[in-house]
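Accompanying notes for the structure given below.
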Amino acid sequence: MFTARDRVLDHGRAAHTVRHYQGTTTAPVGGLIWKGKTFQGGTVVNNFAFGLTGLAGTTSQDGNGDTVIDHSPSGLGFLTDRISPNADGTYTGAVYVNGNQVGSFGLSR
């Protein structure tokens with residue numbers, strides 16, 4: 001059973017806590033490029049093939065207790081992710097462009 005603290009991947013955690021999550025995606029060939037996300041101290045970066053990182057964002061919690069990622073720090077203010085926990089300890093995410101869902105992804109430890 002998830003507690004309120006479990007619902008948020010990183011929001012409000014100590015700056016030194018780093019959490020890496022492996023990713024899966026519904027995007028065509030996305031799995032060849034995108035590998036997951038790393039959360040630390042209210043920020044997040046996406047992990048890509050060959051050890052590359054990018055698309056930084058900040059995390060917050062919405063009214064439902066889900067994690068929201070704002071990609072404005074990367075200059076992509078139109079891009080937002082929303083992440084919800086699953087009963088098995090994994091997370092399900094949705095990608096939004098200008099408020100319209102354009103894809104989905106999964107995260108696991």
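The values are calculated or read from the model by the stated rules, or taken from the named source; none is laboratory data. Since the structure is predicted, the reported quantities are computational estimates derived from the model, not experimental observations. Cβ coordinates were reconstructed from backbone atoms using ideal geometry, including for glycine residues, and neighbour counts include every protein chain displayed. SASA here: full protein model, heavy atoms, side chains in, ligands and nucleic acids out. Shrake-Rupley method; radii C 1.70, N 1.55, O 1.52, S 1.80 Å.
Points worth noting:
- Residue match in segment 61-84 (condition: in contact with a helix residue (DSSP H, G or I) (Cβ under 8 Å, 6 or more places away or on another chain) and open to solvent by 50 Å² or more (accessible area, probe 1.4 Å)): yes
- Filtered by the rule that a residue be open to solvent by less than 50 Å² (accessible area, probe 1.4 Å) and in contact (Cβ under 8 Å) with a residue 12 or more places away in the chain, segment 31-44 gives Trp34, Gly36, Lys37, Thr38, Phe39, Gly41, Gly42, Val44.
- Matching residues in segment 45-60 - criterion: being open to solvent by 40 Å² or more (accessible area, probe 1.4 Å) and closer than 17 Å to Val102 by Cβ: Leu55
- All positions within segment 1-39 that are at pLDDT 90 or above, more than 24 Å from Phe78 (Cβ to Cβ) and part of a strand (DSSP E or B): Arg19, His20, Gln22
- Residue that is modelled with the lowest pLDDT [pool: residues in segment 73-109 that are under 20 Å from Gly30 (Cα atoms) and assigned to a loop (DSSP other than H, G, I, E, B)]: Arg109
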